[in-house]
Each structure stands twice: as structure tokens, then as C-alpha cells.
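Colleague: Have a look at the structure that comes next, please.
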Amino acid sequence: MLKVRIIPTLLWKNFGLVKGIGFDSWRRVGPVLPAIKVYNSRDVDELIFADITASQQGNAPDFDLVSDFSEECAVPLTVGGGITSLDHIASLLNAGADKIAINTAAYANPKLIEAATGHFGAQCVVGSIDVRKLDGGRYSCFSHSATVDTGRESVEWARELADRGVGEILLTSIDRDGTMLGYDVDIIERVARAVDIPVIASGGAGNYQHMIDAVLKAGASAVAAASMFHFTEQTPAGAKSAMQAAGIPVRRNFVSNIH
Amino acid sequence: MKVAIVSYGMGNLASVRRAFEDIGAEAYIAARPADLYNANRIVLPGVGAFAEGMKRLQDGGWVEALQDVVMRQRKPMLGICLGMQMLASAGYEGGLSRGLGFVPGEVKRLDALGCKLRIPHVGWNEVRYKTNDALFCEIPDLSDFYFVHSFAFTPENDEHLIATTHYDCLVAAAIRKDNIYGCQFHPEKSSKAGRQLLKNFMVHSPC
């Protein structure tokens, strides 16, 4: 049976790991490498690493940085931030990324998605969508690290990304980001219903019950979290136990399997 | 023990090389077919589409070299994900195309095999052994491995199927024919279980 993944998210800004609230008020949480080592030694299911300043500042991904991080990572690593070309993707894969996430560049150049999935395969390309709920209940997609309203409606854009071939959707609620008040179950559920590829819930996780809700109520295939793991005592292992108790299939640890 | 990782322009080569280095193997990226001859083990990784992958193997002159070192010299080979799929006789991704033909069988999309769940099949899934193959030495049955794929291998000969996983339909998780191994999951990204499997492939002797 396929397991529901619990994915710590690492956000990089300039020189270190940060975590903000609503894609703002960034707070430093320390260097990346020790964080990756800890997550790796704890045998997490997967990691997402995103450079949140690259697209905003028009920078290319930092390939050397990714190379350093991937060296310490024995589980799948998804890298996002600043990707605008097939060359970027090829270089990131060479640097040790397993999947890449495209967000900002897809709005201006949706054909990049088709080119990327055609060349590297759907399974390698994650469509990342940052959404904000506007007055009147409409969910709009934002680019450039949540600073630009693209005017695209979220469910429709998710469907378009799926049609263009992405293998997964990483759906982040800007409103809930960093609040630890829970995922936006409503939009996750609507997107998960609209597409037949896996949807990763992101933005707002504050406790294990939030993760359970994202899976059981919204139909997420995976749950991502940052603040909850950075700033509270809760851990990916704890999340697994809680989810398992709620009847959700999670990956068992290889070592505990033997003993 | 030297491991050659075939570099034909499709794949997460760095991840694969690091995984082998982690377990103490001397891994190198084979940039040219001639590089395969120095190796004790051959690894064919792969991320991408079947037709494109085969085209690159053909254009790069890899097909003849692989036939030589794997089929004639009998060096142990491990195909990972697309690398496993291309061991087949034929694949349907990106139009029907011929595979390497090292292990008779076909590669079809999961929904053509009866899967009605979300495709691609992404994440950790349990691998169930069909035989007691040395590839899974020291790894408990039903351990989780990391999968990410939309197509799957159906071997013509059931004996070549050594492990399966379940994703609404039965999916070939690992195959073996003589010195040729393939796994649909990514051992290089399957944490400790994956590292153990790569060790087993290097040792290549029954438990």
C-alpha cells in the first residue's frame, strides 16, 4: 500500500534557513546543512528545499548549494526556486536533486512545463502553486514568492499544470503559511478533486491533527510542514505515529522493522 | 569494486553515485561506452521517457557496449526505474519503441495494467518478495521503497519477477534474469533499505 508522505520544507534566503508568516516576516532558523543531516538521520520520507529569493531577484538556482545539500540526503530531494529553463533543471539533477519544483516561471512560460516533463519525465517535475484567498472567496495564484497576483484561479491553474504534464502539485496557502493554524483544507480538497495526480498539502501545519485532516478530509497524498518542525517539539516521527493511529498508511522505519 | 553509472543524459546521476560511494563502492560516471569495460558492475539509472531514453542509448553507442559487457562478459547490471524498464523488449511511453531486450517483457502505463489511482505512483510503497533473491538479503519482506513512475514492466516470463508492489494493480518492483537486475523503485533514494540493496548488488552472492 502506498504510504502518505510527511515532508519537511526547508526555505533558503540569502545565507540561511528561514521561516516566515504569510510569506513575510522572515525569521532565521539556522544553517541548512545541519538541518538536512538531522532530517536525513531521522529518516524522513522526503525533503523540499526552496530558494525563496531566486525568482524574486531574477537569480538562477544555486547549483553548488544544492550539490552540498544533496550530498547529505539519502531520501528524495525536491528543489525549487529560480528555475526558468531546461538547462537549470539538468544542472539541478546533476547537482543531486531528484525532482524540481516550478512556480513563477510557469505563468509567463507554461510551455516550459511541457518541455520539462517531455524531457525529464512527469515524475521529475512538481508544479508548485502559492494561493491566496481573496475577498469573495476566490483563490488566486501568486508568483514571485507571493508578491505578484497572477490573476489565475487556483483550481483551474492546477488543472492546467496537470494537463501540461507535471507529476505532482505542491499547493501552498499563503494565508496559512507559518501560522500553524492548520492547512486550508477547502482549497486542497478542491484541487485534489480536480486533478488525478498527487497533491502535497503545504502551509499552516501546526499539529498532527492538521496533517490528518489534510489527508482524510482534503485527500492530500502528502503533507509538507516547516514551522511545526522548526519551532515546536513535534517531529516527523511523531506525525507518523499520530497518522498511523488515525488509520493513515505511513512508512515504517527500516531499522525498527528488523527489531 | 568499481561501479560504472551510465551517463546517457537522463537521470539523477549524482544521487546514484553518492549512494554507491556511501556504501564504500568506487563509483564513476561512464561518459562513453568504452568506460564500461573497466567496471565490475554496471548501473543504468534513468529519469524520463522510454522512447527518449532508448534513442539516447542508441545515439550514444551504448546499446552495443551494454550487450557486450552485460550479455557476453556477464557483468552484473542493475537498471533503476527507467533503466529497468529499458531492459524490456518494448515500451509504450512516447510511442511504441524497442527496448534493450535483455529481459523479455513490455512496459505499459499503469492505467493500462488496471490501476485506477493517481498516476504517477509517487512515494514509499511496500515491496513483497516473490523469491528469496540475494538482492534483498538482510532487508525484511514488505519494507518500503521509494517509487516515482507512471509506467511499469510486465515480464514475459514470471520467473524473472522477483518482487512486486501493489498500487491498485500488481506492479513489478524488481526483476532478475541471470546477472541482470532491475528495480522500479529508487534504491539510491530509499534510505537505509536502499543502501542495503545496493550493497547486496555489489556482493551479488546468495544469502
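Colleague: Please state the shape class of the stretch B:112-174: rounded when a/c is under 1.5, otherwise prolate if a/b exceeds b/c and oblate if not, all from the C-alpha gyration tensor.
Modeller: oblate
Colleague: Let me ask something else. Calculate log10 I(q)/I(0) of the stretch A:80-198 for q = 0.13, 0.20 Å⁻¹, where I(q) comes from the Debye formula with a single equal point scatterer on each Cα and nothing for solvent.
Modeller: Values, matching the q order: -0.48, -1.08.
Colleague: What FRET efficiency, computed as 1/(1 + (r/R0)^6) with R0 = 35 Å and r the Cβ-Cβ distance, is obtained for A:Ala108 and A:Asp68, rounded to the nearest 0.05? Before the final figure, lay out the partial values.
Modeller: Values: r = 30 Å, r/R0 = 0.85.
The pair A:Ala108/A:Asp68 has a calculated efficiency of 0.75.
Colleague: Let me ask something else about it. Kindly identify the stretch B:10-77 as rounded, prolate or oblate by the Cα gyration tensor criterion: order the square roots of the eigenvalues as a ≥ b ≥ c, call it rounded if a/c is under 1.5, otherwise compare a/b with b/c, prolate if a/b is larger, else oblate.
Modeller: Values: a/c = 2.08, a/b = 1.15, b/c = 1.81.
Oblate shape, in that a/c is at least 1.5 and b/c is the bigger or equal ratio.
Colleague: Picking from A:Gly204, A:Gly136, A:Gly22, which is most flexible by a Gaussian network model of chain A using Cα springs under 10 Å?
Modeller: Highest fluctuation among the options: A:Gly136.
Colleague: Considering every residue in B:120-130, what mean count of other chain Cβ atoms within 10 Å of its Cβ is obtained? Each step should come with its number before you reach the end.
Modeller: Working: counts 9, 4, 15, 13, 13, 5, 6, 0, 0, 0, 0.
What the average comes to for B:120-130 is 6.
Colleague: Please give the calculated 222 nm ellipticity per residue for chain B, where each DSSP H segment of at least 4 residues contributes -39500 (n - 2.57) and the sum is spread over every residue; nearest 500 deg cm²/dmol? Intermediate values should be presented prior to the final figure.
Modeller: On the way: 5 runs with 42 residues, N = 207.
Computed mean residue ellipticity for chain B: -5500 deg cm²/dmol.
Colleague: For a quick size check, give me the Cα extents of the stretch B:37-145 along its three principal axes, largest first, whole Å.
Modeller: The principal-axis extents, from largest down, are 37, 37, 21 Å.
Colleague: Considering only DSSP beta bridges with both partners in the stretch B:2-203, what is the antiparallel share in %, to the nearest 5?
Modeller: Details: 24 of 41 bridges.
Beta bridges within the stretch B:2-203, antiparallel portion: roughly 60 percent.
Colleague: Something else about it: What Kirkwood Rh does the stretch B:2-203 have if only Cα atoms enter the pairwise 1/r average? Answer in Å.
Modeller: Numbers: mean 1/r = 0.0609 Å⁻¹.
Evaluated over the stretch B:2-203, this radius sits at 16.4 Å.
Colleague: Give the lysines whose C-alpha is closer than 23 Å to that of A:Lys13, dropping any in the same chain fewer than 8 places away, or say none.
Modeller: Qualifying lysines at Cα under 23 Å: A:Lys37, A:Lys99.
Colleague: Now for a different question. Report, to one decimal in Å, the Kirkwood hydrodynamic radius for the stretch B:63-116 based on all distinct Cα pairs.
Modeller: On the way: mean 1/r = 0.0835 Å⁻¹.
Evaluated on the stretch B:63-116, it is 12.0 Å.
Colleague: Can you give the FRET efficiency to the nearest 0.05 for B:His204 and B:Asp59, using r as the Cβ-Cβ distance and R₀ = 22 Å? List each step's numbers first, then the result.
Modeller: Values: r = 30 Å, r/R0 = 1.39.
Efficiency, rounded to the nearest 0.05: 0.10.
Colleague: Can you tell me which aspartates and glutamates have their Cα less than 15 Å from the Cα of B:Lys75? Leave out same-chain residues fewer than eight positions away.
Modeller: Correct list for B:Lys75: B:Asp35, B:Glu64, B:Asp178.
Colleague: Considering only DSSP beta bridges where both residues belong to chain A, give the percentage that are antiparallel (nearest 5). Write out the running numbers ahead of the final one.
Modeller: On the way: 14 of 44 bridges.
Here the antiparallel bridges make up roughly 30 percent for chain A.
Colleague: Modelled label-to-label distance, A:Asp149 and B:Thr131, 7 Å Cα→beta-carbon offset: nm?
Modeller: 6.3 nm
Colleague: With chain B treated as a Gaussian network of Cα nodes joined by springs under 10 Å, which of B:Val103, B:Val148, B:Val16 yields the largest mean-square fluctuation?
Modeller: Highest fluctuation among the options: B:Val148.
Colleague: So what J values fall out for the stretch A:197-212 if you push phi through Karplus, 6.51 cos²θ - 1.76 cosθ + 1.60 with θ = phi - 60°, rounded to Hz, Gly and Pro as x?
Modeller: Those phi angles translate into 9, x, 10, 9, 7, 8, x, x, 4, x, 8, 5, 4, 4, 5, 4 Hz.
Colleague: Inverting the mean 1/r over all pairs of different Cα atoms, compute the Kirkwood radius of the stretch A:5-254 and quote it in Å.
Modeller: Numbers: mean 1/r = 0.0564 Å⁻¹.
Result for the stretch A:5-254, one decimal place: 17.7 Å.
Colleague: Does the stretch A:113-259 come out rounded, prolate or oblate by the C-alpha gyration tensor, with a ≥ b ≥ c the root eigenvalues, rounded set by a/c under 1.5 and, if not, prolate when a/b is larger than b/c and oblate if not? It would help to have the intermediate numbers written out before the result.
Modeller: Working: a/c = 2.02, a/b = 1.35, b/c = 1.49.
Cα axes put the stretch A:113-259 in the oblate bin.
Colleague: Right, something else. Give me the tail of P(r) for the protein assembly as shown as a percent: Cα-Cα pairs with distance above 42 Å.
Modeller: On the way: 12306 of 108345 pairs.
Tail of the P(r) past 42 Å holds 11 percent of the pairs.
Colleague: Taking Cα pairs under 8 Å and at least six residues apart, what relative contact order does the stretch B:90-207 come out at, in percent? Walk me through the intermediate numbers first.
Modeller: Numbers: 221 pairs, mean separation 31.4, N = 118.
Normalised by residue count, the contact order of the stretch B:90-207 is 27 percent.
Colleague: Using a 10 angstrom cutoff on alpha carbons, build the Gaussian network for chain A and name the most mobile of A:Ser67, A:Ser25, A:Ser173.
Modeller: A:Ser25
Colleague: What is the pair-distance distribution P(r) of the stretch A:17-92, computed from all Cα-Cα distances in 10 Å bins starting at 0, with each bin given as a whole percent?
Modeller: In order of increasing distance, the bins hold 18, 48, 32, 3 percent.
Colleague: Where in the stretch A:118-132 does the amide nitrogen come within less than 18 Å of the point 7 Å from the Cα of A:Glu160, taken along Cα to Cβ?
Modeller: Residues passing the 18 Å test: A:126-132.
Coordinate-derived values only; no laboratory data. Predicted, not measured: the structure shown is a model, and the values here were computed from it. Methodologically, a virtual Cβ is constructed for each residue, glycine included, from the backbone with ideal geometry; neighbour enumeration extends over all protein chains shown.
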